[in-house]
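Below you'll find the structure, written out as structure tokens, and then a few comments.
The values are calculated or read from the model by the stated rules, or taken from the named source; none is laboratory data. None of the values given here were measured: they were computed from a predicted structure. We place every Cβ from the backbone using ideal geometry, glycine too, and count neighbours over all the protein chains shown.
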Amino acid sequence: MKVTVFGIGYVGLVQAAVLAEVGHDVVCVDVDQNKVDNLEKGIIPIYEPGLTPLVTSNFEQGRVKFTTDAEKGVTHGEVVFIAVGTPPDEDGSADLKYVQAVAKTIATHMQKHKIIINKSTVPVGTADKVIATVSETLKELNKDLTFDVVSNPEFLKEGAAVNDCMRPDRIILGTESEFAEKKLRELYSPFNRNHDKIIVMDVRSAELTKYAANCMLATKISFMNEMSNLAELMGADIENVRKGIGSDPRIGYQFIYPGCGYGGSCFPKDVQALVRSANGVGYKAKILESVEAVNYRQKEKLFDYLMDFYKGDLKGNTIALWGLSFKPNTDDMREASSRVLMEKLWEQGAKVQAFDPEAMEETQRIYGNRSDLSLMGTKEATLNNADCLVICTEWQAFRAPDFELIKSSIKDPVVFDGRNLFEPSLMSEYGLHYYAIGRALSVKAH
Ligand code: UDX
């Protein structure tokens, strides 16, 4: 099938590559010439396991092409994806200007029926806005053409995006058009083997499904972080509580890991956007407001521990920091907890020596050269002349470190762990003080 994807970001690029891999004929359109040139040379704009070989092999075999030529893109696809960004507005609601610009572009260039698919995470009611924009533009241009607009939200996780796209849990199709449903069932049939993963519903429910999924997951995390704060204050260990509640299949073990807060391009943005949308329909979304507030506070948790240990004086201290990305297997720093920590440390006059397996360039891009940030070549190098060690991201490479080396390298034998990677008893065997999230015994030991 001929497919066009507008927007070569995370969602657009992965979706395009995966569709090409199963044999569809895909054209990707982006306004960024540099991005297009790079992709043609095999330079992929994001770090995502498995994506580079997938994109390059499909490009070499001519199944995926990249262009800035919107007209070419619109003419090519019978199915046209909108996968452009929806950055938060000043008030936290999703900004639809890029989605609407693509809708207008499609209407301007289309010469026959198109199925337009909203793949970006967009507020409920966006499909109606896209329909209005396309209809108005067609009318202005005196074009008598039909089209469908479908909501088909993406559920991929960064770091596992290719696999998530290749083996989706579900494929949500928000449409009441039999024609669009039939075409999209055909488009997705290679991903719909073994059992039917396609769930067809009305367009507004599909749009809300995406927000509901992300907000539910964010709620689980903030709930656990709230419990971890209580565990700490009440003398309990959240890791025992986690195992205790996760064994109930109604609760489950997934997404109940306490930590130094959730980040990334989705949860913070989507929770805020749904709060705003709720306000817009006259409803105060109290749970979601709390999810957001608890997460904000949780991102300050490691800083609070440091202030506690150093009795409110961090001036002149050098902090070794392991992990900068918002989660492992990505170089994405959007809304990362490490940023809140570093910025608060700098405010106090402390220095940071950081290492991350993938996010060093991104950190450099965000913060530039500053005397209170040193990006080190290895995790061991961060320890040299540091006062203590802080862990923000649970990269595999941090899970079994040389504790003797840590102890002998840092000036104060203390580790602040935002992802609960180690057993407190093991840390004390190595003579290391250990602050972990919600583990009263470790925190109390000081
Ligand atoms: C998320 C959703 O999982 C995905 O379905 C959706 O399409 C986009 O948003 P992603 O942002 O890639 O994906 O990250 P995810 O793996 O879900 O993690 C988000 C954040 O939650 C990370 O900062 C992670 O560290 C944190 N987290 C996750 C926890 O703190 N505890 C947990 O138990 C799980």
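Computed quantities for the displayed model
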{"read-out": "Matching helices (runs of 4 or more DSSP H) fully within region 194-283 where at least 1 residues are closer than 26 Å to Ser120 by Cα", "value": "203-234, 267-280"}
{"read-out": "Test: residue in region 404-411 that is of a type in the set (A, V, I, L, M, F, W, C) and without any contact (Cβ under 8 Å) to a residue 40 or more places away in the chain", "value": "yes"}
{"read-out": "Only listed residue being of a type outside the set (Val, Ile, Thr) and assigned to a helix (DSSP H, G or I), chosen from Glu71, Glu48", "value": "Glu71"}
{"read-out": "Test for Lys243: is it closer than 26 Å to Tyr434 by Cβ, within 12 Å of the ligand (Cβ to nearest atom) and free of Cβ contacts under 8 Å to residues at least 40 places away in the same chain", "value": "no"}
{"read-out": "Residue in region 172-184 that is part of a strand (DSSP E or B), within 16 Å of the ligand (Cβ to nearest atom) and out of contact with any Asp or Glu (no Cβ under 9 Å at 6 or more places or on another chain) present", "value": "yes"}
{"read-out": "Selection status of Leu383, under 13 Å from Leu306 (Cβ atoms), in contact (Cβ under 8 Å) with a residue 60 or more places away in the chain and buried (at least 18 other Cβ atoms within 10 Å of the Cβ)", "value": "no"}
{"read-out": "Selection count where residues are within 16 Å of the ligand (Cβ to nearest atom), out of contact with any Leu (no Cβ under 9 Å at 6 or more places or on another chain) and hydrophobic (A, V, I, L, M, F, W, C), scope region 325-375", "value": "1"}
{"read-out": "Check on Val162, within 30 Å of Thr330 (Cα to Cα), among the hydrophobic types (A, V, I, L, M, F, W, C), touching a residue at least 60 places away in the same chain (Cβ under 8 Å) and more than 14 Å from the ligand (Cβ to nearest atom)", "value": "no"}
{"read-out": "Matching residues, region 255-266, being closer than 24 Å to Lys243 by Cα and within 6 Å of the ligand (Cβ to nearest atom)", "value": "Phe255, Ile256, Tyr257, Gly259, Tyr262, Gly263"}
{"read-out": "From Lys269, Lys284, Lys299, residue being among the basic types (Lys, Arg), out of contact with any Ser or Thr (no Cβ under 7 Å at 6 or more places or on another chain), free of Cβ contacts under 8 Å to residues at least 60 places away in the same chain and in the same structural domain as Ile410 (by TED's automatic domain parsing)", "value": "Lys284"}
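Each row is one residue, and each column tells you yes or no for (1) under 19 Å from the mean Cα position of the chain (by Cα); (2) buried (at least 21 other Cβ atoms within 10 Å of the Cβ); (3) at pLDDT below 95.
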{"residue": "Val291", "(1), (2), (3)": "yes, yes, no"}
{"residue": "Leu314", "(1), (2), (3)": "no, yes, no"}
{"residue": "Asp332", "(1), (2), (3)": "yes, yes, yes"}
{"residue": "Glu335", "(1), (2), (3)": "yes, no, no"}
{"residue": "Gly349", "(1), (2), (3)": "no, no, no"}
{"residue": "Phe355", "(1), (2), (3)": "no, yes, no"}
